[in-house]
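J.: Questions regarding the structure given below will be posed in turn.
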Amino acid sequence: MSASFEVVVVGAGPGGIAAATVAAEAGCRVCLLDDNVAMGGQIWRGFRAENAHKYPHGNGFIAWTTRLQQTKCEVWQGWQAIDQPASGVLRLERAGEIRDVEYGNLIVATGARERFLPFPGWTLPGVMGAGGLQALVKSGLDPQGKRVVLAGSGPLLLAVGAGLASAGAVVAGIYEQAPLSKLAGFALALLAQPAKLAEGARYRLKAMHAPYRTSSWIVQAGGRGRVERVTLTDGRKTWSVDCDWLGCGFNLVPNIELPRLLGCRTVAGYVEVDRLQQSSVSRVACVGELTGIGGLEKALVEGQIAGLSAAGRETDVFRISLTALTAHSLCGQSCGIWREPTPWYAAVKTFPTPSCGVAQVGARPSSTPGAVWARAKAASAVQRRNSCSAGRIKTHVRQFFRPLYLRLQPNYDLLK
């Protein structure tokens with residue numbers, strides 16, 4: 001049994017939903033498939049129309065799923081891509097059923113998983129990945145009154161701690177392996193992104209009653225038949241904390257198994273793509289964490305770029321908001337998302353004019369992507385020469401702290 005679509009999107013997280021939506025709105029026959037029973041990926045897991053507004057990113061989920069439902073996009077739940085029997089064909093599996101789907105363009109948005117490092121007692125029941133624990137709670141696991149310890153490294157610990165505290169768990173401690181000096185440098189690097197700093201502050205406030213210690217890591221987990229306590233150290237002293245659940249996570253690793261199966265070129269563990277999110281394999285695009293760990297905003301922007309490109313609307317890519325790209329530009333550059341030697345803001349169709357306003361590009365002598373790209377670069381250069389003082393300050397701050405950011409991202413030099 002087989003089916004054929006102009007655009008197939010693998011992964012129904014934010015990036016996949018955005019890609020499928022814009023491609024379907026452009027008139028393409030689109031199929032969005034995912035191995036979960038509901039859309040949303042890890043970030044929007046468990047969100048429904050009636051409860052999404054209660055969550056920090058709930059309004060975005062409602063907006064994007066509403067747009068998707070208004071298109072003719074087909075959504076296939078519970079299917080996994082397991083093989084490529086021929087060029088332009090994906091083989092899918094669900095509960096022993098095999099099905100082939102033909103595509104004109106493929107967009108891969110398979111997200112990331114946690115990096116989990118072993119330690120004595122890591123196989124005890126109750127020891128889970130921090131993101132895995134978050135997923136279980138979003139799927140219905142009741143955390144009321146449970147004592148939870150979170151340990152490892154990365155901003156996910158704060159997000160999970162906030163979610164568990166809001167759901168009624170007792171967060172007994174959040175233990176970050178990176179030293180305070182590196183976290184301070186990471187925070188300074190985000191001065192140009194105040195929204196991200198505010199988001200982190202909100203997470204910390206929700207779990208304010210939980211101790212937060214840096215330079216701390218797990219020695220072992222112990223208990224009779226399941227985890228009952230965790231032993232930690234800061235290198236000078238060792239202590240134990242009683243718990244019912246232990247959530248560990250050492251940042252994220254992209255799920256690049258499918259891109260590798262398809263033959264996509266990778267660099268430093270991420271899929272290499274061009275400015276239109278196209279990989280080294282013709283008609284295959286990759287978005288979201290596959291091209292660099294960057295979170296929700298990055299996935300949404302890249303999904304839209306890939307969806308418009310797959311629909312043959314390359315010139316419309318430049319309608320993507322300059323503000324949205326600014327929000328994740330550091331993440332994108334640090335992971336080598338755009339391999340071209342061009343500035344990240346050259347990828348937009350609406351760009352600041354010399355007067356610091358925003359103008360829409362009008363009629364052009366040529367509408368080819370190359371010509372549009374060249375004009376966008378030229379306009380960006382003019383804008384940089386005439387930018388307002390606030391813009392220059394932001395640029396200087398970003399350039400000053402960029403080396404620190406690159407050193408810390410994506411895993412704070414965990415293994416040093």
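J.: What about ALA95, is it of a type in the set (A, V, I, L, M) and crowded, with 20+ Cβ neighbours inside 10 Å?
T.: Values: of a type in the set (A, V, I, L, M): yes; crowded, with 20+ Cβ neighbours inside 10 Å: no.
Here the answer is no, as ALA95 does not meet what is asked.
J.: So which residues in region 63-92 are part of a helix (DSSP H, G or I) and either buried (at least 18 other Cβ atoms within 10 Å of the Cβ) or at pLDDT 95 or above (or both), if there are any at all? Please lay out each step first, then the result.
T.: Here is the first cut: in region 63-92, the ones part of a helix (DSSP H, G or I) are 63-69.
The answer is TRP64, THR65, LEU68.
J.: If we scan region 165-174, do we find a residue that is within 25 Å of LEU290 (Cβ to Cβ) and surrounded by fewer than 16 Cβ atoms within 10 Å (Cβ to Cβ)? Walk me through it before giving the result.
T.: To start, the set of residues in region 165-174 that are within 25 Å of LEU290 (Cβ to Cβ) comprises none.
No, because not a single residue in region 165-174 is within 25 Å of LEU290 (Cβ to Cβ) and surrounded by fewer than 16 Cβ atoms within 10 Å (Cβ to Cβ).
J.: Could you list, in sequence order, all residues of region 62-74 that are among the hydrophobic types (A, V, I, L, M, F, W, C) and within 21 Å of the chain's Cα centre (by Cα)? So that I can check it myself, show each step before the final result.
T.: Here is the first cut: in region 62-74, the residues among the hydrophobic types (A, V, I, L, M, F, W, C) are 62-64, 68, 73.
Residues satisfying the conditions are ILE62, ALA63, TRP64, LEU68.
J.: Next question, about the same structure. From the list GLY336, GLY249, GLY294, pick out the single residue that is in contact with a His (Cβ under 6 Å, 6 or more places away or on another chain) and modelled with pLDDT under 90. Even if it seems obvious, please write down each step before you answer.
T.: Working: GLY336 fails: in contact with a His (Cβ under 6 Å, 6 or more places away or on another chain); GLY249 fails: in contact with a His (Cβ under 6 Å, 6 or more places away or on another chain).
Just one listed residue meets the conditions, GLY294.
J.: To continue, here is another question. For the subset of region 11-45 comprising residues that are part of a loop (DSSP other than H, G, I, E, B) and among the β-branched types (Val, Ile, Thr), which member is surrounded by the most Cβ atoms within 10 Å (Cβ to Cβ)?
T.: Taking region 11-45 and keeping what is part of a loop (DSSP other than H, G, I, E, B), we get 11-13, 26-29, 35-45.
If we keep only those that are among the β-branched types (Val, Ile, Thr) too, we end up with 37, 43.
Working: VAL37: 8, ILE43: 21.
Here the answer is ILE43.
J.: Taking ARG275, is it modelled with pLDDT under 95, in contact with a Ser or Thr (Cβ under 8 Å, 6 or more places away or on another chain) and within 23 Å of VAL7 (Cα to Cα)? So that I can check it myself, show each step before the final result.
T.: On the way: modelled with pLDDT under 95: yes; in contact with a Ser or Thr (Cβ under 8 Å, 6 or more places away or on another chain): yes; within 23 Å of VAL7 (Cα to Cα): yes.
Against the criterion (modelled with pLDDT under 95, in contact with a Ser or Thr (Cβ under 8 Å, 6 or more places away or on another chain) and within 23 Å of VAL7 (Cα to Cα)), ARG275 qualifies.
J.: Continuing with this model, one more query. Can you tell me which residues in region 242-257 are more than 28 Å from GLY11 (Cα to Cα) and surrounded by fewer than 18 Cβ atoms within 10 Å (Cβ to Cβ)?
T.: ASP242
J.: Would you please list the contacts, defined by Cβ atoms under 9 Å and residues six or more apart or on different chains, that run from a residue in region 7-28 that is not assigned by TED's automatic domain parsing to the domain that holds TRP79 to a residue that is modelled with pLDDT of 95 or more and surrounded by 24 or more Cβ atoms within 10 Å (Cβ to Cβ)?
T.: Within 9 Å, no pair qualifies.
J.: Can you report the number of residues in region 138-180 which are polar (S, T, N, Q) and touching a strand residue (DSSP E or B) at 6+ places or on another chain (Cβ under 8 Å)?
T.: Residues of region 138-180 polar (S, T, N, Q): 139, 144, 153, 166, 177.
With touching a strand residue (DSSP E or B) at 6+ places or on another chain (Cβ under 8 Å) added as a condition, the list becomes 153, 177.
Here the count works out to 2.
J.: Something else: Pairs needed: first member in region 135-160, within 21 Å of ARG115 (Cα to Cα); second member anywhere, surrounded by fewer than 18 Cβ atoms within 10 Å (Cβ to Cβ) and at pLDDT 90 or above; C-beta distance under 8 Å; at least 6 residues apart or different chains.
T.: Once the first residue is within 21 Å of ARG115 (Cα to Cα) and sits in region 135-160, its partners that are surrounded by fewer than 18 Cβ atoms within 10 Å (Cβ to Cβ) and at pLDDT 90 or above give VAL148/VAL170; VAL149/VAL241.
J.: Write out, first by first residue and then by second, each pair whose Cβ atoms fall under 8 Å of each other, whose residues are 6+ apart or on separate chains, and whose first residue, in region 98-111, is within 12 Å of VAL8 (Cα to Cα) while the second is of a type in the set (Phe, Trp, Tyr) and in a strand (DSSP E or B).
T.: The qualifying pairs are VAL101/PHE5; GLU102/PHE5; TYR103/PHE5; GLY104/PHE5.
The values are calculated or read from the model by the stated rules, or taken from the named source; none is laboratory data. Computed from a predicted structure; not experimentally measured. Positions of Cβ are generated from backbone atoms using ideal geometry, with glycine treated the same way; all protein chains shown enter the neighbour counts.
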